[in-house]
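Input: a single structure, listed below in structure tokens.
The values are calculated or read from the model by the stated rules, or taken from the named source; none is laboratory data. From a predicted model like this one, the values you see are computed outputs, not experimental measurements. Cβ coordinates were reconstructed from backbone atoms using ideal geometry, including for glycine residues, and neighbour counts include every protein chain displayed. The protein model used for the area step is the full one, side chains on, heavy atoms only, and it has no ligands, DNA or RNA in it. Shrake-Rupley method; radii C 1.70, N 1.55, O 1.52, S 1.80 Å.
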Amino acid sequence: MSSISAGQLCQRVRIQLPTVAKDVLGAPTQTWTDLAIVWADIQPISGREARIADRIASVVSHQITVRHRSEFNDPKSVAQMRVLYRGRVFAIHNALNEDEANVSVMLLASEGVSNG
């Protein structure tokens with residue numbers, strides 16, 4: 001993909017990173033901080049049922065396409081991120097820089113597994 005037209009990215013999403021804060025008693029707690037609010041295209045890839053914590057849960061894989069950002073260059077950082085869209089939480093697993101052209105990034109994510 002050499003360029004992205006404005007019409008292709010029609011969902012407004014929040015990309016978040018985990019941060020550790022201290023609660024009233026001084027114990028560390030995980031919170032989420034917005035890294036960016038960007039336009040995206042969210043497409044489901046597959047769905048399955050999985051056994052999570054001794055119960056059956058639905059897990060849906062998605063491909064979320066966004067414009068390239070330098071934050072997606074570090075695989076360790078990307079694996080900690082999540083995407084929020086209309087109350088839905090997508091845990092990001094990987095970011096693929098399409099054609100290594102620094103134009104668009106495909107975020108491979110799952111919905112239905114806990115990530116914050």
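Numbers at a glance
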quantity: Hits in the range 1-20 (condition: of a type in the set (Ser, Thr, Tyr), closer than 16 Å to ARG69 by Cα and open to solvent by less than 80 Å² (accessible area, probe 1.4 Å)); calculated: SER3
quantity: Enumeration of residues in the range 97-116 that are closer than 19 Å to SER46 by Cα, open to solvent by 50 Å² or more (accessible area, probe 1.4 Å) and either charged (D, E, K, R) or at pLDDT 90 or above (or both); calculated: LEU108
quantity: Residue under evaluation HIS68, criteria (1) within 18 Å of GLN11 (Cα to Cα); (2) open to solvent by less than 30 Å² (accessible area, probe 1.4 Å), criterion not met; calculated: (2)
quantity: Residue that is nearest to HIS93 (Cα to Cα), among those in the range 1-20 that are β-branched (Val, Ile, Thr) and either under 13 Å from the mean Cα position of the chain (by Cα) or part of a strand (DSSP E or B) (or both); calculated: ILE15
quantity: Among residues of the range 63-114, those that are without any contact (Cβ under 8 Å) to a residue 40 or more places away in the chain, outside any loop (DSSP other than H, G, I, E, B) and more than 18 Å from TRP32 (Cα to Cα), counted; calculated: 8
quantity: Residue list for the range 21-47, filter: of a type in the set (A, V, I, L, M), in a strand (DSSP E or B) and either open to solvent by less than 50 Å² (accessible area, probe 1.4 Å) or under 17 Å from VAL78 (Cα atoms) (or both); calculated: ALA21, LEU35, ALA36, ILE37, VAL38, ALA40, ILE42
